[in-house]
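Chemist: Quick one: structure below, then a few questions.
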Amino acid sequence: MLVEHLPFWIADYLAAWLFLVLTIALMGGFPVTFTMMGTSFLFGLIGLDPIFFNLLPLRMWNIMNNTMLMAVPLFIFMGLALERSGLAKELLETMQELFQNVRGGLAISVVIVGALLGASTGIVGATVVTMGLMSLPVMLKHNYSKSFAAGTVAASGTLGQIIPPSIVLLLLGPVMEVPIGDMFIGAVIPGMILVVLYCFFIWIVTFFGDKHVPAAQEKAHDFDKAFILKIFKALIPPLFLILAVLGTIFAGIATPTESGSMGAVGAIILTAVNKRLSFKLLHDVARGTIKMTCMVFIIIMGASCFALVFRGLGGDDLLREFINSMNLEGWQLVTMVMIFIFILGFFLDFIEITYIHIPIIAPIVVEFGYDPLWFGIMFAVNLQTSFMTPPFGPSLFYLKGVCPPEVKTIHLYRGIIPFVILQLIGLIIIAAWPELVTWLPKVVYGS
């Protein structure tokens, strides 16, 4: 092995050098999977016996046999199908009429629609793009400031990152060794907290002049029979889908994989009801599902290769020794980890962080006595915050791609800052009261 001929400050810390080189390469924009596999093989050949790599096919096989991951393409298919069903447009128009007599009613309706779409699709990119196309021009037309409108849309679309059935929670469950059903149930109250914080902030802003939110209020809509039927028609489809997907998981009737298949079928039914179903739509959705699924799984493969080599080089022991040398108390460790994940989210995708950094960090946090479910939800909320933080927040790039020309990047950056602060407040609330995460799973499962 080449490691025997290297200086001690490289040989003894080879796992740390692997981590550093990988992080720098990813931040430099190199392809994720090839970077993870390439650096892992390089450092593995330097510090390990080549026979060690005989373990790699077994790890790949275990990933492909993981039945929980079978739910990923099903939820992706459901989200892409709903994106083209016209459901979001009808829902937004109805919520706008329902809240038009409330201060900041249009912005509040955007938040609620974003939450419902997040609970229906679980795909952040699809939700942000859909909300940007539909709601941003409407908000600008009603004299909302460019920054406030852009920030509201970006933050609302990103709620799908934490509100189940989030793809993040779906991937995070097996990594944290927590049942996906528990992850979904545990995220319900934190997701509702963020929605309430957003709506309360919008309502408060309306009392400070009309610089960002128009002061004039429209006449309240008459709650006649026709309008009530319109509300039910807009709300029932997403609620039906949420109940079919999450309700069956919470009730123990179906596994996440089985509920994902029901969600996919339900999305097709809703598309047909809205008279959008066609062979071309199914073809486009299927192609999009294949592309996104392949992207997710190839990253998982690369991350598995990295994890194998990192542990083979003694990276777990090295990290534990480093943390022990700092003499951190439990909360100090959690705070340091949350800051680290927050910064990583500026540069790396959630899949990379979930499969590269969490398998290394999570066991150490759990050893300090913290609930893995609570830490997993903390991680998801934190990652949602960094998902929309300048300068590299993915949600901002999704939204910028569909913004009207008059909305500049600087408007996105200014508008998202208050919502990032609200996210951090939500994270602090969840950290201070872990029962907000753990209480509902105990009630549902009676444990």
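Chemist: Against the condition at pLDDT 85 or above and either assigned to a helix (DSSP H, G or I) or surrounded by fewer than 18 Cβ atoms within 10 Å (Cβ to Cβ) (or both), how does Met139 come out, does it pass?
Modeler: Spelling it out, it is not the case that Met139 is at pLDDT 85 or above and either assigned to a helix (DSSP H, G or I) or surrounded by fewer than 18 Cβ atoms within 10 Å (Cβ to Cβ) (or both).
Chemist: Test of understanding: among Leu26, Leu74, Leu87, which residue is surrounded by fewer than 23 Cβ atoms within 10 Å (Cβ to Cβ) and touching a residue at least 12 places away in the same chain (Cβ under 8 Å)? Even if it seems obvious, please write down each step before you answer.
Modeler: Numbers: Leu74 fails: surrounded by fewer than 23 Cβ atoms within 10 Å (Cβ to Cβ); Leu87 fails: surrounded by fewer than 23 Cβ atoms within 10 Å (Cβ to Cβ).
Going through Leu26, Leu74, Leu87 in turn, just one is surrounded by fewer than 23 Cβ atoms within 10 Å (Cβ to Cβ) and touching a residue at least 12 places away in the same chain (Cβ under 8 Å): Leu26.
Chemist: Step by step: first the residues of region 93-114, then only those that are surrounded by 24 or more Cβ atoms within 10 Å (Cβ to Cβ) and touching a residue at least 40 places away in the same chain (Cβ under 8 Å), then the one that is farthest from the chain's Cα centre (by Cα). Which residue is that?
Modeler: If we take residues in region 93-114 being surrounded by 24 or more Cβ atoms within 10 Å (Cβ to Cβ) and touching a residue at least 40 places away in the same chain (Cβ under 8 Å), then Gly104 is farthest from the chain's Cα centre (by Cα).
Chemist: Say we look at region 1-58 and pick out the residues that are small (Gly, Ala, Ser) and part of a loop (DSSP other than H, G, I, E, B); which of these is modelled with the highest pLDDT?
Modeler: Gly28
Chemist: Of all the residues that make up region 367-418, how many are hydrophobic (A, V, I, L, M, F, W, C) and modelled with pLDDT of 80 or more?
Modeler: So the answer is 15.
Chemist: Considering only residues that are within 24 Å of Leu87 (Cα to Cα), of a type in the set (D, E, K, R) and not in a loop (DSSP other than H, G, I, E, B), which ones fall in region 267-311?
Modeler: Passing the criteria: Lys280, Asp284, Arg287, Lys291.
Chemist: I've got another one for you. Taking into account only those residues within region 235-266 that are assigned to a helix (DSSP H, G or I) and polar (S, T, N, Q), which is surrounded by the most Cβ atoms within 10 Å (Cβ to Cβ)?
Modeler: Of everything passing the filter in region 235-266, Ser259 is surrounded by the most Cβ atoms within 10 Å (Cβ to Cβ).
Chemist: For Met292, indicate whether it is under 21 Å from Thr354 (Cβ atoms) and either hydrophobic (A, V, I, L, M, F, W, C) or buried (at least 20 other Cβ atoms within 10 Å of the Cβ) (or both).
Modeler: yes
Chemist: So is Val213 modelled with pLDDT of 70 or more, under 26 Å from Leu82 (Cβ atoms), of a type in the set (A, V, I, L, M) and in contact with a helix residue (DSSP H, G or I) (Cβ under 7 Å, 6 or more places away or on another chain) or not?
Modeler: no
Chemist: Here is a list: Ser259, Ser278, Ser304. Which entry is polar (S, T, N, Q) and free of Cβ contacts under 8 Å to residues at least 12 places away in the same chain?
Modeler: Testing whether each residue is polar (S, T, N, Q) and free of Cβ contacts under 8 Å to residues at least 12 places away in the same chain leaves just Ser278.
Chemist: Tell me the residue from Pro434, Pro404, Pro359 that is surrounded by fewer than 20 Cβ atoms within 10 Å (Cβ to Cβ) and touching an Asp or Glu at 6+ places or on another chain (Cβ under 9 Å), please.
Modeler: Of the residues listed, the single one that is surrounded by fewer than 20 Cβ atoms within 10 Å (Cβ to Cβ) and touching an Asp or Glu at 6+ places or on another chain (Cβ under 9 Å) is Pro434.
Chemist: Taking region 145-173, which residues are crowded, with 24+ Cβ neighbours inside 10 Å and not in a helix (DSSP H, G or I)?
Modeler: Listed by number, the residues that qualify are Ile162, Ile163, Pro164, Pro165, Ser166.
Chemist: Of the conditions (1) closer than 30 Å to Ile428 by Cβ; (2) within 20 Å of the chain's Cα centre (by Cα); (3) free of Cβ contacts under 8 Å to residues at least 40 places away in the same chain, Phe342 clears all except one; give me its number.
Modeler: Only one criterion in (1) closer than 30 Å to Ile428 by Cβ; (2) within 20 Å of the chain's Cα centre (by Cα); (3) free of Cβ contacts under 8 Å to residues at least 40 places away in the same chain is unmet by Phe342, namely (3).
Chemist: Just the residues that are surrounded by 16 or more Cβ atoms within 10 Å (Cβ to Cβ) and of a type in the set (Gly, Ala, Ser), please, taken from region 270-289.
Modeler: Residue satisfying the conditions is Gly288 alone.
Chemist: Hey, another quick one. Among the residues of region 315-339, what is the count of those that are at pLDDT below 80 and surrounded by fewer than 16 Cβ atoms within 10 Å (Cβ to Cβ)?
Modeler: Number satisfying all stated conditions: 11.
Residue-wise test of (1) of a type outside the set (A, V, I, L, M); (2) over 17 Å from Gly345 (Cβ atoms); (3) without any contact (Cβ under 8 Å) to a residue 60 or more places away in the chain; (4) part of a loop (DSSP other than H, G, I, E, B).
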site: Val365; (1), (2), (3), (4): no, yes, yes, no
site: Trp374; (1), (2), (3), (4): yes, yes, no, no
site: Asn382; (1), (2), (3), (4): yes, no, yes, no
site: Tyr398; (1), (2), (3), (4): yes, no, no, no
site: Pro404; (1), (2), (3), (4): yes, yes, no, yes
site: Leu412; (1), (2), (3), (4): no, no, no, no
site: Ile417; (1), (2), (3), (4): no, no, no, no
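Chemist: Something else now. Looking only at region 283-300, filter to residues that are without any contact (Cβ under 8 Å) to a residue 24 or more places away in the chain and over 21 Å from the mean Cα position of the chain (by Cα); which one of those is nearest to Glu90 (Cα to Cα)?
Modeler: The extreme case among them is His283.
Chemist: Then there is this: For region 155-180, what are the residues that are small (Gly, Ala, Ser) and touching a Gly at 6+ places or on another chain (Cβ under 7 Å)?
Modeler: If the condition is that a residue be small (Gly, Ala, Ser) and touching a Gly at 6+ places or on another chain (Cβ under 7 Å), then Ser156, Gly157, Gly160, Ser166 are the ones that fit.
The values are calculated or read from the model by the stated rules, or taken from the named source; none is laboratory data. These numbers come from a predicted model, not from an experiment. With ideal geometry, Cβ positions are generated from the backbone for all residues, glycine too; neighbour counts draw on all protein chains shown.
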